[in-house]
Amino acid sequence: MKRAVCNELFGSVPFEETCDLLAINGFHGIEIAPFTLAAQDGALRPRSVQRIRRALADSGIAFAGFHWLLAHPAGLHATAADAAVREAAWAHLKHLVEVAGELGGGPLVFGSPRQRTAVDVTAAQALAYMHEGLAGLCGTAAGCGSAVLMEALPKRTTNVVNTLDEASQLIAAVGCPGVGGMFDFHNCADELLSWSELIDRYAGIIQHVHLNTRNGGYPRRVRSDYRCAFRQLAAKGYRGWVSLEIFHEPSEPAQVLQDTARFLDRVEAQLVEDGISRLGK
């Protein structure tokens, strides 16, 4: 299983130490929230990119993508009525796609609920702006060996793309390899199907997985719903990252890594028991 962790879990721990912690605990990649390493204007300067590459090389950890794409700098809004504001947001996304390419390519998870919410336009117009912006990134993403992945988010956080079905429709409308989807265990509040049923139905768009619980924590026991979900991922031939993303900064991140590694060990053991090849193999 290609195991990764999102770096904001580690708070103020230096990036280099974070990579070393992941390697020691058997993880293979790190997913990065760009604002944690960016300059004041949100850009990842060449010096920051060099630092990331050096830390990855020294620890043996791979780049597993970006998320929280528009969280910083303030004022970015991908669906704003003001064309200049929209253009600034999509230009920032293009910058992140290009940096991802410099790091070897990888997924860019488009969550950023506030920065895509329809505020001064209708939800339908916001969706049209999303389509336009994603289509404009297709060529850059393909050239950088990366993909922008639409994250379905519940209605309590945004009014644009709330379900995997809506994400699937948008992805199909854009129609290019540089735009795909992902699955997040936590963000299924508006879904009517179980985790395993969602994975079965939308496996064709799922290129990345965020591991967490329904309340935003991290799983420690392989309940039947997790077992069924991972069985479905394996059966569908999923080969992407399984990346831990939790919604709080723990006081003991090393303990979280150890607990998560044990959880994933049990998942893999149960897949073998079920006669299914391990994920990522």
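Listed values, structure above:
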quantity	calculated
Residue that is nearest to Ala254 (Cα to Cα), among those in segment 34-43 that are open to solvent by 10 Å² or more (accessible area, probe 1.4 Å) and not in a helix (DSSP H, G or I)	Leu37
Test: residue in segment 147-158 that is over 30 Å from Glu102 (Cβ atoms) and either touching a Phe, Trp or Tyr at 6+ places or on another chain (Cβ under 6 Å) or open to solvent by less than 20 Å² (accessible area, probe 1.4 Å) (or both)	yes
Residue under evaluation Phe63, criteria (1) within 19 Å of Ala126 (Cβ to Cβ); (2) open to solvent by 10 Å² or more (accessible area, probe 1.4 Å); (3) assigned to a strand (DSSP E or B), criterion not met	(1)
Which listed residue, of Val242, Val267, is within 30 Å of Ala135 (Cβ to Cβ), in contact (Cβ under 8 Å) with a residue 60 or more places away in the chain and not in a loop (DSSP other than H, G, I, E, B)	Val242
Any hit, segment 210-225, residues being modelled with pLDDT of 95 or more, closer than 25 Å to Leu9 by Cα, of a type in the set (Asp, Glu) and out of contact with any strand residue (DSSP E or B) (no Cβ under 7 Å at 6 or more places or on another chain)	yes
Residue in segment 79-87 that is assigned to a strand (DSSP E or B) and crowded, with 20+ Cβ neighbours inside 10 Å present	no
Residue count, segment 169-185 (criterion: open to solvent by 30 Å² or more (accessible area, probe 1.4 Å) and in contact (Cβ under 8 Å) with a residue 24 or more places away in the chain)	2
Looking only at segment 1-33, and only at residues there that are among the hydrophobic types (A, V, I, L, M, F, W, C) and part of a strand (DSSP E or B), the one that is surrounded by the most Cβ atoms within 10 Å (Cβ to Cβ)	Val5
Per-region count, segment 99-131, residues open to solvent by 60 Å² or more (accessible area, probe 1.4 Å) and closer than 16 Å to Leu76 by Cβ	3
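Okay, residues lined up against (1) touching a residue at least 24 places away in the same chain (Cβ under 8 Å); (2) closer than 21 Å to His186 by Cβ; (3) more than 21 Å from the chain's Cα centre (by Cα); (4) crowded, with 16+ Cβ neighbours inside 10 Å:
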| residue | (1), (2), (3), (4) |
| --- | --- |
| Arg221 | yes, yes, yes, no |
| Ser224 | no, yes, yes, no |
| Tyr238 | yes, yes, no, yes |
| Glu249 | yes, yes, no, no |
| Phe263 | yes, yes, no, yes |
| Glu273 | no, no, yes, no |
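The values are calculated or read from the model by the stated rules, or taken from the named source; none is laboratory data. Given the structure is predicted, the values throughout are model-derived calculations rather than measurements. Here the Cβ is made from the backbone with ideal geometry for all residues, glycine too, and neighbour counts use every protein chain on show. Quick note on the areas: whole protein, heavy atoms, side chains included, nothing else; ligands and nucleic acids left out. Shrake-Rupley method; radii C 1.70, N 1.55, O 1.52, S 1.80 Å.
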